[in-house]
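For reference, the structure is listed below as structure tokens.
The values are calculated or read from the model by the stated rules, or taken from the named source; none is laboratory data. Keep in mind the model is a prediction, meaning the values are calculated, not measured. Using ideal geometry, Cβ is built from the backbone for each residue, glycine included, and neighbour counts are taken over all protein chains shown. Surface areas here come from the heavy atoms of the whole protein model, side chains and all, with no ligands, DNA or RNA. Shrake-Rupley method; radii C 1.70, N 1.55, O 1.52, S 1.80 Å.
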Amino acid sequence: MNNYFSIGKLVSVFGLQGELILKHSLGKKTSLPGVEALFLEERKNSFIPYFVQKTNVKDHEHVFVKLEGIDTKEAARKLVQVPVYLEEDDFKKQAASSSPLSMLGYMVHDKEQGELGVIEEVIEMPMQVLVKVIFREKEMLLPLNEQSLVKVDKKRQIVHVDLPDGLLDIYLE
């Protein structure tokens, strides 16, 4: 997954010319200015570039997207529910600094255990955010909420946490 950051997925077809609606979690209204290509994961870990012809803001988390080579409703329909990624540089320009997604690539540092690993994925839930970290060759999902999140050091790209007692033991046993 190096250098590709998940921003959401294509959720529906719009119109008859192959336009799609992208549901994203970039944390702000955007028409993806400057983005030339979206990378679609049609098969696991296979990122296919689709060049962007035009985009239009729909609302805070949706954007209309017209991709090169997708000119019919039928062609667009095949891409519905496909995950969408951006290259790292584009991602950093597009994600709102307040968005949980902006923590991708940050190091997680626990008060007790020290460095746990780099955030590989951000999963937004209704009451909290989960981050995926690989620690001692094990995949862990760590909650970031009012109780566990101490602070986010954007300058040094470190997320400081105080995880509940026993949480890491569940993964390490």
Options 167, 67, 82, ranked by Cα towards positive dipole end of the range 39-173, top entry (Cβ charges): 67
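Quick one: putting +1 on the C-beta of Lys and Arg, -1 on the C-beta of Asp and Glu, what dipole do you get for the chain around its Cα centre, in Debye to the nearest 20?
Details: 22 positive and 27 negative charges, 143 e Å.
The calculation lands at about 680 debye.
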When you count, for each residue, the other Cβ atoms within 10 Å and take the mean per peptide, how do 115-123, 163-171 rank with the highest first? 115-123, 163-171
Rh by Kirkwood over Cα pairs, then Stokes-Einstein D for the range 86-173 at 1.002 mPa s and 20 °C, µm²/s: 160
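Pop out the carbon and sulfur fraction of the accessible area of the range 15-173 as a percent, whole number, probe 1.4 Å.
Working: 4410 of 9250 Å².
After summing per-atom areas, the C and S share lands at 48 percent.
Might you report the magnitude of the Cβ-based charge dipole of the range 1-64 about its Cα centre, with Lys and Arg at +1 and Asp and Glu at -1, to the nearest 20 debye? All intermediate terms of the calculation are to be shown ahead of the outcome.
On the way: 8 positive and 6 negative charges, 23 e Å.
That gives a dipole near 120 debye.
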Answer with one residue from 143, 118, 99: the one whose Cα lies farthest towards the positive end of the charge dipole of the range 64-166, charges on Cβ with Lys, Arg +1 and Asp, Glu -1. 99
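Output the Kirkwood hydrodynamic radius of the range 38-140, Cα pairs only, in Å rounded to one decimal. Don't jump to the answer; show the numbers that get you there.
Details: mean 1/r = 0.0618 Å⁻¹.
After inverting the pairwise mean of 1/r, the radius is 16.2 Å.
Using a ≥ b ≥ c from the Cα gyration tensor of the range 123-173 (square roots of the eigenvalues), is it rounded, prolate or oblate, where a/c under 1.5 gives rounded and otherwise the larger of a/b and b/c decides, a/b for prolate? Intermediate results must be reported in sequence, preceding the final value.
On the way: a/c = 1.61, a/b = 1.33, b/c = 1.21.
Here the range 123-173 falls in the prolate category.
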Ignoring everything except DSSP H segments at least 4 long, calculate the 222 nm mean residue ellipticity for the chain; use -39,500 (n - 2.57) per segment, divide by total residues, nearest 500. -2500 deg cm²/dmol
Once both labels are modelled 7 Å past Cα along the beta-carbon direction, what's the residue 98-residue 11 spacing in nm? 2.0
Pseudo-spin-label distance residue 155 to residue 111, built 7 Å along Cα→Cβ, given in nm, is 2.3
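On average, how much area does the Cα convex hull of the chain cover when viewed from any direction, in nm²?
Numbers: hull surface 42.3 nm².
That works out to 10.6 nm².
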Using the Karplus equation 6.51 cos²θ - 1.76 cosθ + 1.60 (θ = phi - 60°), what ³J(HN,Hα) coupling, rounded to whole Hz, does each residue of the range 55-68 give in order, writing x for Gly and Pro? 9, 8, 5, 9, 7, 4, 10, 10, 9, 6, 10, 10, 9, 4
